[in-house]
Amino acid sequence: MIRKAIIADARAIHKLLLNYARDGLVLPRSLSEIYEQIRDFYVFIDDERVLGAVALNICWEDLAEVRSLVVEANHMGKGIGRRLVEACLSEARQLGLKQIFALTYEPEFFERLDFHKIDKAELPQKIWGDCLKCAKFPDCDEIAMSLTLLNQEMPPGSTLPATS
């Protein structure tokens, strides 16, 4: 089941992120950052365990980032990541955002969700604040992916679809 994260999920999200951050696949997040940003996160829960997480970070009036997408290694390939990103896309549409992007080492995953590759230079400098924390800055080797939501807006009064 996918749901918005709650405070009790913070330590599990942190643990998942640390596993990927050690390999340089995601930016590390401190536990305090996760608590501060808990409202940005969705989690995939199975048997009361957090098996995956993702955050939707609003960058500007029409732009958001899908970030910190992680799935427990032995549960990869089961559609958990796709469902987490789809939850972010639904929320982005509900909020009236026009564009969503991700920085990734797995462009094929995002291409299957209709994202396309863009030059990182197309992204506003405002989004690079987190990049300063990265050991790879300024020589980032992640691939920028973008999805335009302009023609996919949810009608006013729509709600997020139920997820299971």
Checklist entry - In this structure, is Leu31 surrounded by 14 or more Cβ atoms within 10 Å (Cβ to Cβ) and at pLDDT 95 or above? => result yes
Checklist entry - Can you name every residue in segment 22-40 that is under 13 Å from Asn57 (Cβ atoms) and assigned to a helix (DSSP H, G or I)? => result Glu33, Ile34, Glu36, Ile38, Arg39, Asp40
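Among the residues of segment 67-79, count how many are hydrophobic (A, V, I, L, M, F, W, C) and either in a strand (DSSP E or B) or under 8 Å from the mean Cα position of the chain (by Cα) (or both).
The initial filter retains those residues of segment 67-79 that are hydrophobic (A, V, I, L, M, F, W, C), namely 69-71, 73, 76.
Going one step further and asking which of them are either in a strand (DSSP E or B) or under 8 Å from the mean Cα position of the chain (by Cα) (or both), we end up with 69-71.
Qualifying residue count for the region: 3.
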Next on the checklist: Criterion first (out of contact with any Ser or Thr (no Cβ under 8 Å at 6 or more places or on another chain), closer than 19 Å to Met1 by Cα, loosely packed, with under 15 Cβ neighbours inside 10 Å and at pLDDT 65 or above) does Gly79 satisfy it?
Outcome noted: yes
Checklist entry - Taking segment 106-138, which residues are in a helix (DSSP H, G or I), modelled with pLDDT under 60 and among the aliphatic types (A, V, I, L, M)? => result Ile127, Leu132
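Among the listed residues Ile2, Ile58, identify the single one that is of a type in the set (Val, Ile, Thr), touching a residue at least 60 places away in the same chain (Cβ under 8 Å) and over 16 Å from Glu142 (Cβ atoms).
Numbers: Ile58 fails: touching a residue at least 60 places away in the same chain (Cβ under 8 Å).
None of the other options fit; the residue is Ile2.
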Next on the checklist: Consider segment 74-104. How many of its residues are touching a Phe, Trp or Tyr at 6+ places or on another chain (Cβ under 9 Å) and among the small types (Gly, Ala, Ser)?
Outcome noted: 3
Checklist entry - Of all residues in segment 25-53, which are β-branched (Val, Ile, Thr) and within 18 Å of Met76 (Cα to Cα)? => result Val26, Val43, Ile45, Val50
Checklist entry - Which one is nearest to Leu147 (Cα to Cα) among residues in segment 66-105 that are among the polar types (S, T, N, Q) and either in contact with a Pro (Cβ under 9 Å, 6 or more places away or on another chain) or touching a residue at least 60 places away in the same chain (Cβ under 8 Å) (or both)? => result Ser90
Item to check | Residue within segment 45-66 that is more than 27 Å from Ala121 (Cα to Cα), of a type in the set (Lys, Arg) and part of a strand (DSSP E or B) present | outcome: yes
Checklist outcome for this item: Within segment 1-21, restricting to residues that are part of a strand (DSSP E or B) and among the charged types (D, E, K, R), the one that is farthest from Lys78 (Cα to Cα) is Lys4
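Assess whether Leu95 counts as being in contact with a strand residue (DSSP E or B) (Cβ under 8 Å, 6 or more places away or on another chain), surrounded by fewer than 19 Cβ atoms within 10 Å (Cβ to Cβ) and within 22 Å of Leu123 (Cα to Cα).
Details: in contact with a strand residue (DSSP E or B) (Cβ under 8 Å, 6 or more places away or on another chain): yes; surrounded by fewer than 19 Cβ atoms within 10 Å (Cβ to Cβ): yes; within 22 Å of Leu123 (Cα to Cα): yes.
When the stated conditions are applied, Leu95 passes them.
The values are calculated or read from the model by the stated rules, or taken from the named source; none is laboratory data. Not measured: the values here are computed from a predicted model. Cβ sites come from the backbone with ideal geometry, for glycine too, and all protein chains shown count toward neighbours.
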